[in-house]
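Student: Sharing a structure, written as structure tokens. Questions coming.
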Amino acid sequence: MVDGDIQFAPDGRLRHCLTTEGMGGERITEILDLAESFAGVNDKTIKKVPLLRGHTVVNLFFESSTRTRSTFELAAKRLSADVLNIDVQRSATSKGESLLDTIANLQAMQCDLFVMRHPESGAANLVARHVDDDVHVINAGDGLHAHPTQALLDVFTMRRHKPDLSERSVAIVGDLRHSRVARSEIHALRALGVGEIRAIAPRTLLPVDLEGLGVRVYEDIDAGLADVDIVVMLRLQRERMEHALLPSSSEYFAGWGLTPERLARARPDAIVMHPGPTNRGVEIDSRVADGPQSVILEQVTNGIAIRMAVMALVAGTAPQREGR
Amino acid sequence: MVDGDIQFAPDGRLRHCLTTEGMGGERITEILDLAESFAGVNDKTIKKVPLLRGHTVVNLFFESSTRTRSTFELAAKRLSADVLNIDVQRSATSKGESLLDTIANLQAMQCDLFVMRHPESGAANLVARHVDDDVHVINAGDGLHAHPTQALLDVFTMRRHKPDLSERSVAIVGDLRHSRVARSEIHALRALGVGEIRAIAPRTLLPVDLEGLGVRVYEDIDAGLADVDIVVMLRLQRERMEHALLPSSSEYFAGWGLTPERLARARPDAIVMHPGPTNRGVEIDSRVADGPQSVILEQVTNGIAIRMAVMALVAGTAPQREGR
Amino acid sequence: MVDGDIQFAPDGRLRHCLTTEGMGGERITEILDLAESFAGVNDKTIKKVPLLRGHTVVNLFFESSTRTRSTFELAAKRLSADVLNIDVQRSATSKGESLLDTIANLQAMQCDLFVMRHPESGAANLVARHVDDDVHVINAGDGLHAHPTQALLDVFTMRRHKPDLSERSVAIVGDLRHSRVARSEIHALRALGVGEIRAIAPRTLLPVDLEGLGVRVYEDIDAGLADVDIVVMLRLQRERMEHALLPSSSEYFAGWGLTPERLARARPDAIVMHPGPTNRGVEIDSRVADGPQSVILEQVTNGIAIRMAVMALVAGTAPQREGR
């Protein structure tokens, strides 16, 4: 809720993109609609619009992620922005500079938009509370807290396949406890009024507060997948688990891996999603990841359009919608 | 031959640039002619043409090479492309993603052209066989197999100095066994109908199949250099040699290093080439590398024009030649 | 003096920017005036002018510095240049290539402007003596020798706050012995005819030749700060000190750290500067660094304008001043 307040300007405009919690269904729909217009740009040979020409976008990654950084870099360049990539493991913080000092310096260089990934929950919020009014922050993942653009591209992908989301059932499978993607996705799905959200995971990988969010919890994957329309697989974040929460990856696959047989329990036209990169043979069978129901690569494509939309919206350069 | 097939589209257009083997003399001449027009662009103060505006070029380097990556990056930027540099040692593959998964994801981000260097022979071919029809692959070196743009810039440089290549004699000196440059160059020279190709190397650094390619083999450098028009020195790839094929670099220099005295055995107007970076005092004497017959830095300059030509050709945005 | 000669073309134009020594007050004033015009560009939403369109700027950093590299990268991009970042720790020199070979190759790629940081004093001069007439070198810090753009942005910042520099007193505090910033700043201040320059430092951190440069030396910070108009704090370069020149950073702070109490000895409207990144609690108290007299972040902002001005001037694309 506090998050939700910070990301809006006093006039109600989206100023930062920090979390889908408290973003509201109307705002999310606005982002998805704008992303639809950018999806067209990316299909063309000349994938370039001038909405951020002369603006400077900084990719400030305190955790390395070539894939996510690349999608933001491409989104910014296709909006004609100048892009500065800063990999902070190799940077000034090794000289003892604090996060807020780094930001203050980049802001003094008239950088306009920070895309930030950080291992600590709340880092993007902290920065958003300190930047000038004309500077914008997009959270590209903060600790175990949120990853709003991933959630937005996921619901964008769902809406393209199942426009009647309010009548659909979504199952999220895997390590929900350590997943900022799952957390952001549940908030976005609830805001859009999705029919049903299920969580499927071993007890040790479940967060404590799911039922309060209206999520039905299943430990048994066969029961949980029955008749769902959308299956969202999560990456098994082995590096995140501090304790031995799981016996082994092969036992995990035996219990919760998505095989063709298990997928057959969902509706025949169910789609399968994954934020990538996939651990084939750990949380998902290659026959499913590469199968006809998989929309995993569509998610990647949609991620560019969503990130273009979010950047243009927070920067205030998005075309106005008719009738506003 | 299989290589040659993959790099052409069904309509005969050059779709990828994977190898000079099977490329054909007419096609190579087309590339060299187009590169001549870009050489003019690079001489101007404003070195920019809009042929790849809105296109996305990915430099995907699984082996680090700042120099080669820089020439491709500059070539792409001078064609007005957006460029994404991915150094794969530090990237998603550390999360266990396969080469084809990496490519599938970048393709889903609507990247148009992959410039790829990989330590395994055949890697660029593998990728070319899996990308969509409107996506293009340029091999920037794959294992011991091929390095076609280096070979093309070399024959471009030769043609500028010795337009009558069919009457000229070329000597390639050094570690031919581990050289993808030599392999690609021999194919290009044969396609252009060069007068004579000689290979000069110690027996342990010679590949087995040279005579089948019409190459005359010399172990003695003085005999091999006699009356040649063009001397191509190869870098001694010490890191490539798995076994003790050579006694020491000073003994190598004593036997096969290019000194002014040895160069005097070639024709007086012979040119000296080297793909760089040179090992001064190992395969080449500084007096030769920096001397009046050296065209080593011209090769670097020509490399930009050749890479611009290859990129524009495979992307289908090169200006049409008159009379086609 | 020799430095001063190299950086000018025979017609008196600034061809390289290597040092403020011998640059002359008129030339420095020309740079500051031009930077004023670029400061306006950076305040706009579209921070872009086409002065270096089609030019290639190489950031060649032999010492890593994300902050300085970022300011040059942004300055070049806002002038519409193509930018190539080369981090030489991870580059061709590991294959045994010399500095001049690296430069010769990049020059052969038709790169127009080298921004170079190097741990050895004189490295930028060496390069400037070897490049072609239409290639330009900007020294972004060479060993203990010079860092001219930092000095220029500092005097730019001083002039904005204290236009009557000839009546002002400047105190430089800290590790002058290992500071290329201090050295370049003293030359620039003298060229502009500043009223008084003081150096404040423990004896072990003072260079030997200060009095010859017209600088008054103080070991006692309270005496040195009395009635000054401008306080320039230096970063304590712990990594530079080869021997135990200082007891500990807390003792250093006790003796020479800038606290509010000490700053009170300067004139009430004195400004506080620091080249960054600051060591809070070592050479400066956070209450001063973040206080109303600090212009530290203004320096960062001004650094972009100064670097744009220097790049445009050496490249010969700066707008002509009226009346010349």
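The values are calculated or read from the model by the stated rules, or taken from the named source; none is laboratory data. Note that the structure is predicted; figures quoted are calculated from it, not measured. Note that we place each Cβ from the backbone using ideal geometry, even for glycine, and neighbour counts take in every protein chain shown.
Student: Return the residues of the stretch A:119-145 that are touching a Pro at 6+ places or on another chain (Cβ under 7 Å) and on the phi < 0 side of the Ramachandran plot; say none if nothing qualifies. Steps first, answer last, please.
Tutor: Taking the stretch A:119-145 as the starting set, the residues that turn out to be touching a Pro at 6+ places or on another chain (Cβ under 7 Å) are A:139, A:143.
Within the stretch A:119-145, A:Asn139 is the sole residue that qualifies.
Student: Going by the conditions given, is C:Ala264 at pLDDT 95 or above, over 27 Å from C:Ala9 (Cα atoms) and not β-branched (Val, Ile, Thr)?
Tutor: Yes, satisfied.
Student: If you don't mind, another one. From A:Val208, A:Val231, which residue is in the same structural domain as A:Pro268 (by TED's automatic domain parsing) and either closer than 19 Å to A:Pro260 by Cα or buried (at least 21 other Cβ atoms within 10 Å of the Cβ) (or both)?
Tutor: On the way: A:Val208 fails: either closer than 19 Å to A:Pro260 by Cα or buried (at least 21 other Cβ atoms within 10 Å of the Cβ) (or both).
It is A:Val231.
Yes/no matrix, rows are residues, columns are (1) closer than 28 Å to A:Arg78 by Cβ; (2) touching a residue at least 12 places away in the same chain (Cβ under 8 Å):
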| residue | (1), (2) |
| --- | --- |
| B:Gln7 | no, yes |
| B:Thr19 | no, yes |
| B:Ile31 | no, yes |
| B:Leu34 | yes, yes |
| B:Ala39 | no, yes |
| B:Asp43 | no, no |
| B:Lys47 | yes, yes |
| B:Pro50 | yes, yes |
| B:Val58 | yes, yes |
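Student: Quick one: which residue in B:Gly174, B:Gly193 is on the phi > 0 side of the Ramachandran plot, touching a Phe, Trp or Tyr at 6+ places or on another chain (Cβ under 9 Å) and in contact (Cβ under 8 Å) with a residue 40 or more places away in the chain?
Tutor: Just one listed residue meets the conditions, B:Gly174.
Student: Same structure, new question: Which ones in the stretch C:158-178 are closer than 26 Å to C:Met311 by Cα and surrounded by 23 or more Cβ atoms within 10 Å (Cβ to Cβ)?
Tutor: C:Met158
Student: Please pick out the residue among B:Val231, B:Val208, B:Val217 that is part of a strand (DSSP E or B) and within 30 Å of B:Glu120 (Cβ to Cβ).
Tutor: Only one candidate qualifies: B:Val217.
Student: Is at least one residue of the stretch C:252-274 closer than 30 Å to A:Cys111 by Cβ, part of a loop (DSSP other than H, G, I, E, B) and within 11 Å of another protein chain (Cβ to nearest Cβ)?
Tutor: no
Student: Please identify the pairs in which a residue from the stretch C:66-82 that is within 19 Å of A:Asp101 (Cβ to Cβ) and touching a residue at least 60 places away in the same chain (Cβ under 8 Å) has its Cβ atom under 8 Å from the Cβ atom of a residue that is aliphatic (A, V, I, L, M) and in a loop (DSSP other than H, G, I, E, B), counting only partners at least 6 apart or on another chain.
Tutor: Qualifying pairs under 8 Å: C:Thr71/A:Met109; C:Leu74/A:Met109.
Student: For the stretch B:153-164, indicate whether the set of residues that are out of contact with any strand residue (DSSP E or B) (no Cβ under 8 Å at 6 or more places or on another chain), at pLDDT 95 or above and in the same structural domain as B:Thr66 (by TED's automatic domain parsing) is non-empty. Give the steps one after another, and end with the answer.
Tutor: Within the stretch B:153-164, the first condition is being out of contact with any strand residue (DSSP E or B) (no Cβ under 8 Å at 6 or more places or on another chain), and the residues that meet it are B:153, B:155-156, B:159-160, B:163-164.
Keeping just the survivors that are at pLDDT 95 or above gives B:153, B:155-156, B:159-160, B:163-164.
Next cut, in the same structural domain as B:Thr66 (by TED's automatic domain parsing) only: none.
Scanning the stretch B:153-164, I find no residue that is out of contact with any strand residue (DSSP E or B) (no Cβ under 8 Å at 6 or more places or on another chain), at pLDDT 95 or above and in the same structural domain as B:Thr66 (by TED's automatic domain parsing), so the answer is no.
Student: Checking the condition in contact with a helix residue (DSSP H, G or I) (Cβ under 9 Å, 6 or more places away or on another chain) and within 12 Å of chain C (Cβ to nearest Cβ), which residue from A:Leu52, A:Leu74, A:Leu32 passes?
Tutor: One residue alone meets the criteria, A:Leu52.
Student: Surrounded by 20 or more Cβ atoms within 10 Å (Cβ to Cβ) and within 24 Å of C:Arg168 (Cα to Cα): is that true of C:Ala309 in this structure?
Tutor: No, not satisfied.
Student: Can you report the number of residues in the stretch C:126-144 which are part of a strand (DSSP E or B) and under 16 Å from the mean Cα position of the chain (by Cα)?
Tutor: Applying the first criterion (part of a strand (DSSP E or B)) to the stretch C:126-144 yields C:136-142.
Subset that is under 16 Å from the mean Cα position of the chain (by Cα): C:137-142.
Selection size over the stretch C:126-144: 6.
Student: Mind checking which pairs have a first residue in the stretch C:246-257 that is assigned by TED's automatic domain parsing to the domain that holds C:Gly174 and in contact (Cβ under 8 Å) with a residue 40 or more places away in the chain and a second that is surrounded by 11 or more Cβ atoms within 10 Å (Cβ to Cβ) and aromatic (Phe, Trp, Tyr), Cβ under 8 Å, 6 or more apart or different chains?
Tutor: C:Leu246/C:Tyr252
Student: Given B:Glu185, B:Glu196, B:Glu219, which one is acidic (Asp, Glu) and within 18 Å of B:Gly303 (Cα to Cα)?
Tutor: Answer to the selection: B:Glu185.
Student: Select from the stretch B:188-205 the residues that are under 23 Å from B:Trp256 (Cα atoms) and in a loop (DSSP other than H, G, I, E, B) and list them in ascending order.
Tutor: B:Ala201, B:Pro202
Student: Identify, from the list C:Arg216, C:Arg287, the residue that is in contact with a strand residue (DSSP E or B) (Cβ under 6 Å, 6 or more places away or on another chain), exposed (fewer than 15 other Cβ atoms within 10 Å of the Cβ) and either assigned by TED's automatic domain parsing to the domain that holds C:Ser65 or modelled with pLDDT of 95 or more (or both).
Tutor: C:Arg216
Student: So, in the stretch C:285-304, of the ones that are more than 10 Å from chain A (Cβ to nearest Cβ) and within 28 Å of C:Cys17 (Cβ to Cβ), which residue ends up nearest to the chain's Cα centre (by Cα)?
Tutor: By that ranking, first place goes to C:Val295.
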